[in-house]
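Trainee: Here it is: the structure, laid out below.
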Amino acid sequence: DTEVTQTPKHLVMGMTNKKSLKCEQHMGHRAMYWYKQKAKKPPELMFVYSYEKLSINESVPSRFSPECPNSSLLNLHLHALQPEDSALYLCASSQEQGVGQPQHFGDGTRLSIL
Amino acid sequence: SQQGEEDPQALSIQEGENATMNCSYKTSINNLQWYRQNSGRGLVHLILIRSNEREKHSGRLRVTLDTSKKSSSLLITASRAADTASYFCATAGFQAGTALIFGKGTTLSVSS
């Protein structure tokens, strides 16, 4: 069992739908991350939150909107996605956004865009 | 842009054999980490080695770091079928707040 919980595990949506991915951790970590991972590729960083404030946005299209309601929760709101957005979306957390701290990952949400 | 490049891309061995994966990187680092990803799962942190360390052990894992060659290796001894997974190295720079940079990964298959 992982200590970072992501829901849902699978999501199929049309290009006009609005949906949200959720991530939760109760390790007291103050940095949380969203990654996108395509098959047989490494994770690509999308966003970093540090102490509930957006710290890094890796030039992600505005159809992805992150939100950090509190220190334990991280959401990724999805709207008007494209087929190429189909991927595994991983959430991770670390104690702080310090220099190279180990990250704890959830098992991801497998997203398919029709 | 990616910092780490793993070698080989894919590795197939028999149970009981040792598996060695290599990672090369381009710029100076604060630390280097190895992660494992089983099929359909998230990444699991295995081990972290700092730039002033040369070797580190954790159970059946042995990691080496050669900063002069900008390379690291991960050795898994006495492999088991459960070690079948993708392995990624990730490098961390010196500036606080910068993200880990993951390499392309090595896919390890251990057959019984």
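Trainee: Conditions first: (1) free of Cβ contacts under 8 Å to residues at least 12 places away in the same chain; (2) in a loop (DSSP other than H, G, I, E, B); (3) within 22 Å of A:His104 (Cα to Cα). A:Met27 passes all but one, so which condition is the exception?
Mentor: (1)
Trainee: Still on this structure: Is it the case that some residue within region B:83-92 is more than 13 Å from chain A (Cβ to nearest Cβ), closer than 20 Å to A:Pro43 by Cβ and open to solvent by 20 Å² or more (accessible area, probe 1.4 Å)?
Mentor: Yes, some residue in region B:83-92 is more than 13 Å from chain A (Cβ to nearest Cβ), closer than 20 Å to A:Pro43 by Cβ and open to solvent by 20 Å² or more (accessible area, probe 1.4 Å).
Trainee: Can you name the condition, by its number, that B:Gln95 falls short on among (1) open to solvent by 50 Å² or more (accessible area, probe 1.4 Å); (2) over 18 Å from B:Cys23 (Cβ atoms); (3) more than 14 Å from chain A (Cβ to nearest Cβ)?
Mentor: (3)
Trainee: Just wondering, is there one or more residues in region A:23-38 that are surrounded by 13 or more Cβ atoms within 10 Å (Cβ to Cβ), of a type in the set (Ser, Thr, Tyr) and either over 11 Å from the mean Cα position of the chain (by Cα) or farther than 29 Å from B:Gln95 by Cβ (or both)?
Mentor: Scanning region A:23-38 turns up no residue that is surrounded by 13 or more Cβ atoms within 10 Å (Cβ to Cβ), of a type in the set (Ser, Thr, Tyr) and either over 11 Å from the mean Cα position of the chain (by Cα) or farther than 29 Å from B:Gln95 by Cβ (or both).
Trainee: So B:Phe102 passes all but one of these: (1) touching a strand residue (DSSP E or B) at 6+ places or on another chain (Cβ under 6 Å); (2) closer than 25 Å to A:Lys9 by Cα; (3) away from chain A (no Cβ under 11 Å). Which condition number does it fail?
Mentor: Looking at each condition in turn, B:Phe102 falls short on (3).
Trainee: For residues in region B:24-64 being within 9 Å of another protein chain (Cβ to nearest Cβ), closer than 22 Å to B:Arg80 by Cβ and not in a strand (DSSP E or B), which is least open to solvent (accessible area, probe 1.4 Å)?
Mentor: B:Gly42
Trainee: Being open to solvent by 30 Å² or more (accessible area, probe 1.4 Å), over 28 Å from A:Met46 (Cα atoms), among the hydroxyl-bearing types (Ser, Thr, Tyr) and more than 8 Å from every other protein chain (Cβ to nearest Cβ) narrows it down to one residue among B:Ser79, B:Ser109; which is it?
Mentor: B:Ser109
Trainee: Kindly evaluate B:Ser12 against the criterion of being away from chain A (no Cβ under 14 Å) and over 14 Å from B:Ile101 (Cα atoms).
Mentor: Yes.
The values are calculated or read from the model by the stated rules, or taken from the named source; none is laboratory data. All values reported here derive from a predicted model rather than from experimental measurement. Cβ sites come from the backbone with ideal geometry, for glycine too, and all protein chains shown count toward neighbours. Side chains included, ligands, DNA and RNA excluded: accessible areas come from the protein's heavy atoms. Shrake-Rupley method; radii C 1.70, N 1.55, O 1.52, S 1.80 Å.
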